[in-house]
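Encoded as structure tokens, the structure appears first; notes follow it.
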Amino acid sequence: MSTFLLVLPDFMLILLGWLLRHRLGYERSFFMPLERLIYYVLFPALLFQATLRAPIVLDDAINLIGATLALLAIGILLAQLARPLLRLPAFEHACVAQCGYRFNTYLGLAIAFSLAGTRGQSIMAIIIGLAVPIVNAAAVFGLARTNGGSVGRELLRNPLLLATVLGLAGNMLGLHLPGPVEIFANKLGAAAIALGIVCVGANLSWEGGKGQVGTMTWMLAVKLIAMPALAWPIGLAFGLPAVEQAMLLLFATLPTASSAYILAIRMGGDGRTVALLISTGTLLSALTIPLWLLMLPAAIQVQ
């Protein structure tokens, strides 16, 4: 199956969310409690299950962790370079810089399953579990440093981080959920991805961002071009197995998550420009993700 057809169903869900919100009369008040349910209940259940049952081999895990850290470090560095090169004010830069390295977890896990089944989804869950605290810390630190706030408090109450840590701990201890509990958690996780992607579409907006063309172009280039271009050689340098290398590349192609907008608003930042960056990046990723995934070996593409 072509890479375009593999990602098409997930972008159809994004389109559905946009139509519900902007054409079919579903108000923002409908999606807000749904987003909280996904963020605090459904998606943590998915991450917990995926990391708990992931077949982790220590040597491979170390290489995967190293490759993920290297990729994130480069993405954060490139986003930070925008401030001196474009001469941006500190707080304005902190708001938009997160769009250069944060990622849409819902889309990542959905496409990972389409590409490589439960194995791919488990690997993606490990990458995401490692990346969530790092990108959250980088984003919160940048905003808190210029506008006040506590990095530690933001991280300690992050349900995605907590679910991943608990899942990995259970994995290392060899724990398994009882049958009925496992089925219950699986059902919660199955609901998380579809509903989460629909909410991504509902949040798309192309208002605001006037006078920010240079900044937006930089961040979009970092997220959709530079990071994917670097993911493949980084994976090769760390000697990742084929499926892990494919998941690292997929992770690098993901557009920015809507949580970047929520954080910017909560800390008094320029939410309109961040929302425009997220929306534009998500739209462009419908083209860039299939193009980058063409680099994958044929054996992985058809799984």
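The values are calculated or read from the model by the stated rules, or taken from the named source; none is laboratory data. Being a predicted model, the structure only gives us computed values, none of them experimental. Cβ coordinates were reconstructed from backbone atoms using ideal geometry, including for glycine residues, and neighbour counts include every protein chain displayed.
Rundown of residues vs (1) of a type outside the set (Phe, Trp, Tyr); (2) under 15 Å from Leu143 (Cα atoms), yes/no style:
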| residue | (1), (2) |
| --- | --- |
| Gln245 | yes, no |
| Phe251 | no, no |
| Tyr261 | no, yes |
| Ile265 | yes, yes |
| Ser279 | yes, no |
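Of the set (1) of a type outside the set (Phe, Trp, Tyr); (2) surrounded by 14 or more Cβ atoms within 10 Å (Cβ to Cβ); (3) modelled with pLDDT under 85, all apply to Gln245 but (3). Step by step: first the residues of the stretch 71-83, then only those that are surrounded by 18 or more Cβ atoms within 10 Å (Cβ to Cβ) and either closer than 11 Å to Leu230 by Cβ or hydrophobic (A, V, I, L, M, F, W, C) (or both), then the one that is modelled with the lowest pLDDT. Which residue is that? Looking at residues that are surrounded by 18 or more Cβ atoms within 10 Å (Cβ to Cβ) and either closer than 11 Å to Leu230 by Cβ or hydrophobic (A, V, I, L, M, F, W, C) (or both), I get Ala82.
Just so you know, in the stretch 37-54 the residues that are more than 14 Å from Thr164 (Cβ to Cβ) and over 17 Å from the mean Cα position of the chain (by Cα) include one that is surrounded by the fewest Cβ atoms within 10 Å (Cβ to Cβ), and it is Val41. Going by what's in this entry, would Gln98 be described as polar (S, T, N, Q), modelled with pLDDT of 90 or more, within 15 Å of the chain's Cα centre (by Cα) and within 23 Å of Met227 (Cα to Cα)? So Gln98 passes the test. Considering the stretch 44-53, and only residues there that are touching a Ser or Thr at 6+ places or on another chain (Cβ under 7 Å) and not hydroxyl-bearing (Ser, Thr, Tyr), the residue that is nearest to Ala260 (Cα to Cα) turns out to be Leu47.
Looking across the stretch 164-182, the residues that are part of a helix (DSSP H, G or I), hydrophobic (A, V, I, L, M, F, W, C), surrounded by 11 or more Cβ atoms within 10 Å (Cβ to Cβ) and modelled with pLDDT of 85 or more come down to Leu166, Ala169.
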